[in-house]
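Asker: Attaching a single structure in structure tokens format; questions to follow.
Quick note: the coordinates plus some simple rules give every number you see, no bench work behind them. All values reported here derive from a predicted model rather than from experimental measurement. So basically every Cβ, Gly included, is an ideal-geometry build from the backbone, and we count neighbours across all protein chains shown.
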Amino acid sequence: MKEVIQRINKMEKILNDSEKSFDEFEKTLEDFEKNQEKFGELEDYYFSEKWREDKKYDEQGKISKDIPTGVLSEDGIWNLSVRNKELGISLIKLGLKMIEKEK
């Protein structure tokens with residue numbers, strides 16, 4: 001009987017932990033989805049003439065040093081774009097594992 005109680009307690013903990021994890025992931029995923037449109041705007045900016053103009057102004061010292069210009073770095077947006085694609089691939093792989101699991 002002790003083994004049965006231990007098993008039930010273990011499975012109850014897994015149930016509760018999983019429910020909490022799902023709730024947190026759903027919230028994070030919702031936030032991430034909302035950010036995708038804004039991030040698309042950032043990527044569009046990076047590949048635009050406007051970004052090149054802004055970068056040139058910065059390089060010429062026309063932008064005050066007290067204004068953050070991380071967005072004008074060569075790698076900042078690019079690296080985030082790569083991460084975005086990698087996250088998309090990871091989500092696809094995870095989704096496939098979740099729906100292909102057979103019992």
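Asker: Mind listing the phi-derived Karplus ³J(HN,Hα) values for region 3-19, rounded to whole Hz, using 6.51, -1.76 and 1.60 with θ = phi - 60°, and x for any glycine or proline?
Answerer: Couplings: 5, 5, 4, 4, 5, 4, 4, 4, 5, 5, 5, 4, 4, 5, 5, 5, 4 Hz.
Asker: Let me ask you something else. Taking every pair of alpha-carbon atoms in the chain, give the share separated by more than 22 Å as a whole percent.
Answerer: Percent of Cα pairs beyond 22 Å in the chain: 57.
Asker: I'd like to know which of Gly40, Asn9, Phe25 lies farthest towards the positive end of the charge dipole of region 7-54, counting +1 on Cβ of Lys and Arg and -1 on Cβ of Asp and Glu.
Answerer: Comparing the listed Cα positions along the dipole, Asn9 ranks first.
Asker: So which of Lys38/Lys65; Lys65/Lys85; Lys50/Lys97 end up more than 30 Å apart by C-alpha?
Answerer: Beyond 30 Å: Lys65/Lys85; Lys50/Lys97.
Asker: I need the calculated FRET efficiency for the pair Glu37 and Val71, taking r as the beta carbon distance and R₀ as 25 Å, to the nearest 0.05.
Answerer: So the FRET efficiency works out to roughly 0.90.
Asker: While we're on this one: Which value, in debye to the nearest 20, gives the size of the charge dipole of the chain about its Cα centre, when Lys and Arg are +1 and Asp and Glu are -1 at the Cβ?
Answerer: 520
Asker: Looking at region 52-81, which trypsin sites (Lys or Arg not before Pro) are DSSP coil and have at most 12 other C-beta atoms within 10 Å of their C-beta?
Answerer: When the trypsin sites (Lys or Arg not before Pro) of region 52-81 are filtered for loop state and at most 12 Cβ neighbours within 10 Å, Lys62, Lys65 remain.
Asker: Hey, what number do you get for the chain at 222 nm if only DSSP H runs of n ≥ 4 count, each worth -39500 (n - 2.57), divided across all residues, to the nearest 500?
Answerer: Theoretical 222 nm ellipticity from helices: -28000 deg cm²/dmol.
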